[in-house]
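The values are calculated or read from the model by the stated rules, or taken from the named source; none is laboratory data. In this text, all values refer to a predicted model and were calculated from it rather than measured experimentally. Cβ atoms come from the backbone with ideal geometry, glycine included; neighbour counts cover every protein chain shown. Ligands, DNA and RNA are stripped out before the accessible areas are found, and what is left, the full protein with its side chains, is counted by its heavy atoms. Shrake-Rupley method; radii C 1.70, N 1.55, O 1.52, S 1.80 Å.
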Amino acid sequence: MPWLYIFPNGCYGFIMKKISLTGIKPTGLLHIGNYVAAIKPALALTGTYDARYFIADYHALNTIKDPTELSALIRQVAAGWLAAGLDPERVIFYRQSSIPETFELTTQLMAFTSKGLMNRAHAYKAAVQANTERGEDPDAGINMGLYTYPVLMAADILLFDSDVVPVGQDQVQHVEMAQDIAQVVNYNYKQEVLKVPQALVKESVAVVPGLDGRKMSKSYGNIIPLFTPEKELRKLIMRIVTNSQAVEEPKDPETSQIYALYRLFAAPEEQTALAARYREGGMGWGEAKEELFRVLNRELGPIRERFQALAADPKTLDDILARGAEKARVIAKATVNRFRAAAGID
Ligand code: TRP
């Protein structure tokens with residue numbers, strides 16, 4: 001929405017905020033890695049940007065074929081965004097599947113996307129490599145949804161005139177593909193049919209360690225779920241793998257997974273104080289874990305409560321998403337019509 005800005009000399013004009021857009025694919029339990037690396041940075045942009053955030057449910061269909069499971073995951077991600085603080089009055093919030101224009105733009109973009117570009121996508125290449133290593137047919141288990149995933153994602157992005165796309169490092173290539181595709185379209189029609197977006201990666205939290213020290217990821221089975229009950233949260237934290245240093249030994253916070261997680265949830269003074277205690281010695285891993293539990297639970301407690309309230313009230317959730325879809329479609333229709341007019345399909 002444009003802002004009326006009054007300059008100090010009394011003149012006034014409208015200022016358009018830049019547009020931030022991102023989506024989450026509902027393929028698993030939301031975990032604190034998603035929260036810290038995706039949800040929180042995206043929400044921090046609202047206010048500065050016009051934000052458009054959504055649930056990429058058709059992307060999830062590529063892998064989740066059980067209807068009960070998919071529908072539960074969609075609701076979980078939707079409630080997760082809201083519980084984490086998304087304000088539907090300030091953010092256009094919707095499900096990808098509620099915006100049919102996404103699929104029209106996908107078809108429009110297909111004609112401008114080289115097959116070679118899709119062959120180079122990391123996710124597709126990794127799947128082919130895994131098949132080859134197992135001695136299977138290179139395309140075993142790979143559906144066209146996975147193969148054309150970057151085109152659907154480009155449509156998500158380009159449909160809403162996005163300036164910036166806050167994503168994790170693993171999604172940067174997809175945003176670059178959206179740039180490529182938009183440029184090919186614009187070049188062909190000699191006009192700016194589609195806005196060329198930029199990826200926005202928050203470097204400091206790009207990797208959130210999981211329970212085993214590797215990047216937190218559902219495929220590694222090392223996650224701390226975002227909505228896990230308090231008791232379960234403590235248990236999981238106690239399971240974080242540590243070395244065998246004794247209580248009295250000084251410890252290096254920089255190489256500790258516990259400290260790496262702590263830092264994401266603690267205030268700057270708390271971080272400094274705890275780092276000093278690590279270095280002094282006299283603090284065992286058990287105590288470090290208790291401290292981690294305290295700051296994690298402090299932040300996640302209220303989010304968990306809001307999540308439970310939303311989960312118990314499906315009507316409110318549906319209404320919020322329906323209103324978001326209505327607003328989103330106004331923008332989406334304008335984009336596909338702009339494309340149609342440029343392409344001679346009007
Ligand atoms: N591919 C993204 C992921 O797996 C999800 C996604 C789908 C997305 N469409 C998007 C992210 C558009 C940003 C913009 O995390």
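Looking at the chain, the accessible area is 50 square angstrom per residue; that uses a 1.4 Å probe and ignores ligands, DNA and RNA.
With a sphere of radius 9 Å drawn around the Cβ of residue 237, what net charge do the other residues whose Cβ falls strictly inside it have (Lys, Arg +1; Asp, Glu -1)? Value of the local net charge: +3. Positive contributions from Lys and Arg (+1) and negative ones from Asp and Glu (-1), summed over other residues with Cβ under 13 Å from the Cβ of residue 293, come out at +1. With θ taken as phi - 60° and the Karplus curve 6.51 cos²θ - 1.76 cosθ + 1.60 applied, the whole-hertz 3J(HN,Hα) list for the range 142-147 is 9, 8, 5, x, 5, 5 Hz, x standing for glycine and proline. About its Cα centre, the dipole of the chain is roughly 400 debye, where the only charges are +1 on Lys and Arg Cβ and -1 on Asp and Glu Cβ.
If R0 is 22 Å, the Cβ-Cβ spacing of residue 255 and residue 297 corresponds to a FRET efficiency of close to 0.35. Each Lys or Arg adds one and each Asp or Glu subtracts one; over the other residues with Cβ under 14 Å from the Cβ of residue 196, this totals -3.
A Förster radius of 30 Å combined with the Cβ-Cβ distance from residue 270 to residue 126 puts the calculated FRET efficiency at roughly 0.20. Relative contact order of the chain, taken over Cα pairs closer than 8 Å and 6 or more residues apart, is 21 percent. For the range 64-147, the equivalent ellipsoid derived from the Cα gyration tensor has semi-axes of 31, 20, 12 Å, listed largest first. Ordering 114, 97, 244 by accessible surface, largest first, gives 244, 114, 97; the 1.4 Å probe counts only protein heavy atoms, with every chain in place. A crude spin-label estimate for the pair residue 244 and residue 207, with each label 7 Å from Cα along the Cβ direction, gives 2.6 nm.
When you count the other C-beta atoms within 10 angstrom of each residue and take the mean per peptide, 130-137, 156-163 line up highest first as 156-163, 130-137.
Computed on protein heavy atoms with a 1.4 Å probe, the accessible areas place 227, 7, 339 in the order 7, 227, 339, largest first.
For residue 251, the amide hydrogen comes within under 5 Å of the amide hydrogens of 279, 280, 281, counting only partners 5 or more places away or on other chains and with H modelled in the peptide plane.
The string of couplings for the range 235-243 from the Karplus curve (6.51, -1.76, 1.60, θ = phi - 60°) is 4, 5, 5, 5, 7, 4, 6, 10, 8 Hz, one whole number per residue in order, with x for Gly and Pro. Computed from backbone phi with θ = phi - 60° and the Karplus coefficients 6.51, -1.76 and 1.60, the 3J(HN,Hα) list for the range 306-314 is 5, 4, 5, 5, 5, 5, 7, 9, x Hz; x is used for glycine and proline. Placing R0 at 41 angstrom, the Cβ-Cβ distance between residue 183 and residue 277 gives a FRET efficiency of 0.20 after rounding to 0.05. Of all DSSP bridge pairs formed entirely within the chain, close to 25 percent run antiparallel.
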